[in-house]
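Take a look at the structure below.
The values are calculated or read from the model by the stated rules, or taken from the named source; none is laboratory data. The structure presented is a predicted model; accordingly, all values stated were derived computationally and were not measured. Because the Cβ atoms are built from the backbone with ideal geometry, glycine has one as well, and the counts that use them run over all protein chains shown. Surface accessibility is based on the protein's heavy atoms, side chains included, excluding ligands, DNA and RNA. Shrake-Rupley method; radii C 1.70, N 1.55, O 1.52, S 1.80 Å.
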2 protein chains.
Amino acid sequence: MTQPRLVEVRRKVLSKNDAVAGALRRRFQDAGVCVISLVSSPGSGKTAFLETVLSAMRKEFRVAALVGDLATENDAVRLARSQAPVKQICTGTICHLDASMVSNALDGWNLTELDFLFIENVGNLVCPSSYDLGENARIVLLSVTEGEDKPLKYPSIFHGADAAIITKMDLAQAVEFDAAAAHRNINAVGPGIPIFEGSAKTGAGLEAILIWVKSQVKA
Amino acid sequence: MTQPRLVEVRRKVLSKNDAVAGALRRRFQDAGVCVISLVSSPGSGKTAFLETVLSAMRKEFRVAALVGDLATENDAVRLARSQAPVKQICTGTICHLDASMVSNALDGWNLTELDFLFIENVGNLVCPSSYDLGENARIVLLSVTEGEDKPLKYPSIFHGADAAIITKMDLAQAVEFDAAAAHRNINAVGPGIPIFEGSAKTGAGLEAILIWVKSQVKA
């Protein structure tokens, strides 16, 4: 099915999103808040990662998070345990966050009171890649259980990321994870991006990731 | 961002897809081929499952498969080891298969020479749910590593499925998988659908799944 009409409408939607994202980016810069977004498949560990990061960073920084899902407030409830401000964005049937959803969700928040804002996208390795959210940096997560070939099969989202985190490293041996192949495949579609390995369960790798996150303030 | 124009165009695209899918369904029925589609997140084990099923069923039936991905021919290469006819559909940037892609991929195949055709969708728990492919039945796969909450967070795709398979059961203990919660959540959004538990690694659960697949001929 050729869908020229859909392609044209999508182009306009993306162009409108870019404009809203541009305004958001200026707003973030003016407020001095560094914004990091997270994308991955469903169940790769975005929320577990974020829970660890919020808890670790809030000792030193003012941190907050927006979390996107089609349905449920589960993630906001989980993240609230970190005691950082958290808001859930329920997208209904929409498969990704867009800049306007982020902008609307910020209503009532004073961005100048934040140092870092994390945005967890809907679990989807395809659609979120096209939508700029005004973030400073985007991190893509890949769990060892998904297979080393996923970067090659979902190239856009890895290509558009500024860093990659391989999650659930505690399961690497059980699934015979080939780390060298995963690194090779990530850098084949995202040349030169840093790749971290971690486990929210054991805490391994967190320190290096936090150093990189903090370095994004100047980026 | 309200996107009334996009919603309207999507409605037309889905309506056109339904028409193509309806024609496909009649074509499948006339040829006497039973068509089963598979949907899941990236890395839930659709291809591993299909590899096992094709190998097991081809002793008794004439089976074939279409496999969708944004990029790479990896899955078709893997599935070809089963010696069943397999074709890859590369969707480019499209996040799902549609009925026309399936119809075009069937060019050159004589459907009357098949008993079962499997269609593996792009790994995505959101977008494929809206697109009828003319199949007899749709199976959704959920791996134990993704978390028991996913059916509630991605309700449309579980609601639209005729059966669910919980995959990678060999890892259940390592990830402290709560099977009762997963069953409860699947049936909360897909009331009454059968739920199978399996492992492509150990072969556990395959027999019950094959009985169900074969029963879909009359459905």
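What the table below lists for this structure:
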| item | result |
| --- | --- |
| Sole exception among (1) touching a residue at least 12 places away in the same chain (Cβ under 8 Å); (2) hydrophobic (A, V, I, L, M, F, W, C); (3) more than 9 Å from chain B (Cβ to nearest Cβ) for A:Val7, by number | (1) |
| One residue from A:Leu152, A:Leu125, A:Leu54 being at pLDDT 95 or above and outside any helix (DSSP H, G or I) | A:Leu125 |
| A:Ala161, sole failed condition from (1) out of contact with any Pro (no Cβ under 9 Å at 6 or more places or on another chain); (2) over 15 Å from A:Val39 (Cβ atoms); (3) more than 10 Å from chain B (Cβ to nearest Cβ) | (2) |
| Given (1) among the β-branched types (Val, Ile, Thr); (2) under 20 Å from A:Asp18 (Cα atoms); (3) at pLDDT 95 or above, index of the condition A:Thr145 fails | (2) |
| Test: residue in the range B:30-40 that is under 19 Å from the mean Cα position of the chain (by Cα) and either open to solvent by 30 Å² or more (accessible area, probe 1.4 Å) or hydroxyl-bearing (Ser, Thr, Tyr) (or both) | yes |
| Residue tally, condition open to solvent by 20 Å² or more (accessible area, probe 1.4 Å), away from chain B (no Cβ under 14 Å) and either touching a Phe, Trp or Tyr at 6+ places or on another chain (Cβ under 7 Å) or small (Gly, Ala, Ser) (or both), over the range A:107-145 | 2 |
| Matching option when the condition is closer than 24 Å to B:Cys34 by Cα and not hydroxyl-bearing (Ser, Thr, Tyr), among B:Asp170, B:Asp132 | B:Asp132 |
| Residue ID - least open to solvent (accessible area, probe 1.4 Å), chosen from residues in the range A:159-216 that are charged (D, E, K, R) and assigned to a loop (DSSP other than H, G, I, E, B) | A:Lys168 |
| Residues of the range A:44-74 that turn out to be surrounded by fewer than 23 Cβ atoms within 10 Å (Cβ to Cβ), of a type in the set (D, E, K, R) and free of Cβ contacts under 8 Å to residues at least 60 places away in the same chain, as a count | 5 |
| The range A:86-113, residues that are over 17 Å from A:Tyr131 (Cα atoms) and under 18 Å from the mean Cα position of the chain (by Cα) | A:Val86, A:Lys87, A:Gln88, A:Leu106 |
| Residue within the range B:45-52 that is at the interface with chain A (Cβ under 10 Å from one of its Cβ atoms) and out of contact with any helix residue (DSSP H, G or I) (no Cβ under 8 Å at 6 or more places or on another chain) present | yes |
| Search result, residues across the range A:75-106 that are open to solvent by less than 40 Å² (accessible area, probe 1.4 Å), away from chain B (no Cβ under 13 Å) and either within 19 Å of A:Ala48 (Cβ to Cβ) or not in a loop (DSSP other than H, G, I, E, B) (or both) | A:Leu79, A:Ser82, A:Ala84, A:Val86 |
| Criterion violated by B:Thr91 - all others in (1) in contact with a strand residue (DSSP E or B) (Cβ under 8 Å, 6 or more places away or on another chain); (2) under 28 Å from B:Glu197 (Cβ atoms); (3) among the hydroxyl-bearing types (Ser, Thr, Tyr) satisfied | (2) |
| Single match in B:Ser55, B:Ser41 (criterion: away from chain A (no Cβ under 13 Å) and of a type in the set (Ser, Thr, Tyr)) | B:Ser55 |
| Count - residues of the range B:56-85 that are under 17 Å from the mean Cα position of the chain (by Cα) and hydroxyl-bearing (Ser, Thr, Tyr) | 0 |
